[in-house]
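Peer 1: First the structure, then my questions, so here it is.
The values are calculated or read from the model by the stated rules, or taken from the named source; none is laboratory data. Everything numeric in this text was worked out from a predicted model, so none of it was measured. Cβ coordinates were reconstructed from backbone atoms using ideal geometry, including for glycine residues, and neighbour counts include every protein chain displayed.
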Amino acid sequence: VKAKIAVNGYGTIGKRVADAVQAQDDMEVIGISKTKPNYEAAVAHQLGYDIYAPAENVGAFEKAGMRAAGTIEEMIEKADLVVDCTPGGIGEGNKPLYQKAGVKAIWQGGESHTIAGFSFNAASNYEGALGRDLVRVVSCNTTGLCRVISPIDRELGVKKVRVTLARRAADPNDVKKGPINAIVPDPIKLPSHHGPDVRSVLPQIDITTAALKIPTTLMHVHTVNMEVNTDCTADDIKKIFGSQSRIRFVGQGISSTAEIIEFARDIRRPRNDMWENCIWAESITVHEKEFYFFQAIHQESIVVPENVDAIRAMMELESDGAKSIEKTNKAIGL
Ligand code: NAD
């Protein structure tokens, strides 16, 4: 039997997690939640998902011609595990609901580490999530950083990591956020929260970060600088990154995030999703035991395969992280 998964909050992350779960053969989506019967709900309905709504809004769905299957509480009752994809800060209020129903729960990076007591990245700590009831899948930026730091730490030993993050100001569908004509150091007081967040997964790593918001919606770009304990060449670094299925080298004239997204469209990725870290191989430069590179992170989709692996670990459907990663990748077409 397949693990029964509910997706609470069907926005940027939730809709992608639902499709990725549905593509696996060992888990299925038993329902998604929408607060209002808008265009996204209509698409979910068309895709065949059972839609659950807050009790006070069930009638509105009926009126809009897409009958809700029940209330969010009823959806939670039917599930083995709920993936909470509500906006950052909202998920915390749902914790009592999940605990009352006795279901396992995953939260996203917008919630704090303490909500679950375990922050997850498949390449870094899959085994630690085995059988757990509560897990937080870290944010897009943290996921992107953990994916490059973990394998380098295993192979060469990381002495310290320094990162500058150029963050997309808003997601493509977000009409309310900005800026549209400014670069914003955010936060101004350094370091930014991204370093401590990486340490919620990899506590042994010396990392500090600075972040800027820039007027773009496509992707984040990180300038990563790592100092390691072992002598290495750029080819050694490329070999380590090349062994990671969720790291993709970009080149062949790709000189920007715009071209990465065009490439994702061309290879017919759903919603132009780029689930992998995109590293410019040419940027990898070694100076003594220190190296630099640029990577681009597709914020809307990078955490999606991580959520599938977190489910598999928590439900104990697979004890080996590498095998889960491979299975997830294959099912979604990565
Ligand atoms: P979003 O605003 O796109 O989607 C959230 C959805 O939840 C919306 O459909 C909203 O209607 C719904 N919702 C709101 N309140 C609800 C409630 N009480 N019950 C059920 N549904 C409710 O947000 P998002 O960008 O998908 O972010 C979700 C989480 O993922 C946040 O923690 C965020 O920090 C994290 N995250 C976001 C990104 C990103 O770049 N968008 C990347 C990684 C992680």
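Peer 1: Report, by residue number, each residue of region 93-117 that is away from the ligand (no atom under 16 Å from the Cβ) and either under 30 Å from Asp153 (Cβ atoms) or among the β-branched types (Val, Ile, Thr) (or both).
Peer 2: Lys104, Gly117
Peer 1: Restricting attention to region 299-313, which residues are assigned to a helix (DSSP H, G or I), more than 15 Å from Ser245 (Cβ to Cβ) and in contact with a Gly (Cβ under 8 Å, 6 or more places away or on another chain)?
Peer 2: The answer is Ala313, and nothing else.
Peer 1: Also: Would you be able to tell me the number of residues in region 63-78 that are within 14 Å of the ligand (Cβ to nearest atom) and either buried (at least 21 other Cβ atoms within 10 Å of the Cβ) or on the phi < 0 side of the Ramachandran plot (or both)?
Peer 2: 7
Peer 1: Within region 43-102, can you find the residues that are free of Cβ contacts under 8 Å to residues at least 60 places away in the same chain and among the polar types (S, T, N, Q)?
Peer 2: Gln46, Asn57, Thr71, Gln99
Peer 1: Please determine, by comparing only the residues of region 232-252 that are among the small types (Gly, Ala, Ser) and assigned to a helix (DSSP H, G or I), which one is farthest from Val286 (Cα to Cα).
Peer 2: Across region 232-252, the extreme among qualifying residues is Gly242.
Peer 1: For the subset of region 60-108 comprising residues that are among the aliphatic types (A, V, I, L, M) and over 20 Å from Ala3 (Cα atoms), which member is nearest to the chain's Cα centre (by Cα)?
Peer 2: If we take residues in region 60-108 being among the aliphatic types (A, V, I, L, M) and over 20 Å from Ala3 (Cα atoms), then Ile90 is nearest to the chain's Cα centre (by Cα).
Peer 1: Given the criterion surrounded by fewer than 24 Cβ atoms within 10 Å (Cβ to Cβ), within 10 Å of the ligand (Cβ to nearest atom) and under 30 Å from Glu326 (Cα atoms), identify the matching residue among Gly48, Gly11.
Peer 2: Gly11
Peer 1: What number of residues within region 106-121 are without any contact (Cβ under 8 Å) to a residue 24 or more places away in the chain and in contact with a strand residue (DSSP E or B) (Cβ under 7 Å, 6 or more places away or on another chain)?
Peer 2: Selection size over region 106-121: 3.
Peer 1: Would you say Asp197 is of a type in the set (Asp, Glu), within 16 Å of the ligand (Cβ to nearest atom), outside any strand (DSSP E or B) and in contact (Cβ under 8 Å) with a residue 60 or more places away in the chain?
Peer 2: It is true that Asp197 is of a type in the set (Asp, Glu), within 16 Å of the ligand (Cβ to nearest atom), outside any strand (DSSP E or B) and in contact (Cβ under 8 Å) with a residue 60 or more places away in the chain.
Peer 1: Considering (1) more than 18 Å from the chain's Cα centre (by Cα); (2) among the polar types (S, T, N, Q); (3) within 14 Å of the ligand (Cβ to nearest atom); (4) within 30 Å of Ser200 (Cα to Cα), say which one Asn57 fails and leave the rest.
Peer 2: Failing condition for Asn57: (4).
Peer 1: Just to be sure before I move on: is Glu326 in a helix (DSSP H, G or I) and not assigned by TED's automatic domain parsing to the domain that holds Gln108 in the structure I sent?
Peer 2: It is false that Glu326 is in a helix (DSSP H, G or I) and not assigned by TED's automatic domain parsing to the domain that holds Gln108.
Peer 1: Moving on to the next point. Any residue in region 231-249 that is in contact with a strand residue (DSSP E or B) (Cβ under 8 Å, 6 or more places away or on another chain), within 16 Å of the ligand (Cβ to nearest atom) and under 26 Å from Ala310 (Cβ atoms)?
Peer 2: Looking through region 231-249, at least one residue is in contact with a strand residue (DSSP E or B) (Cβ under 8 Å, 6 or more places away or on another chain), within 16 Å of the ligand (Cβ to nearest atom) and under 26 Å from Ala310 (Cβ atoms).
Peer 1: Find the residue count for region 276-298, including only residues that are assigned to a strand (DSSP E or B) and touching a residue at least 12 places away in the same chain (Cβ under 8 Å).
Peer 2: Total satisfying the criteria: 14.
Peer 1: Additional query: Condition test on Lys34, is it without any contact (Cβ under 8 Å) to a residue 60 or more places away in the chain, among the basic types (Lys, Arg) and either outside the structural domain of Ala170 (by TED's automatic domain parsing) or within 15 Å of the ligand (Cβ to nearest atom) (or both)?
Peer 2: It is true that Lys34 is without any contact (Cβ under 8 Å) to a residue 60 or more places away in the chain, among the basic types (Lys, Arg) and either outside the structural domain of Ala170 (by TED's automatic domain parsing) or within 15 Å of the ligand (Cβ to nearest atom) (or both).
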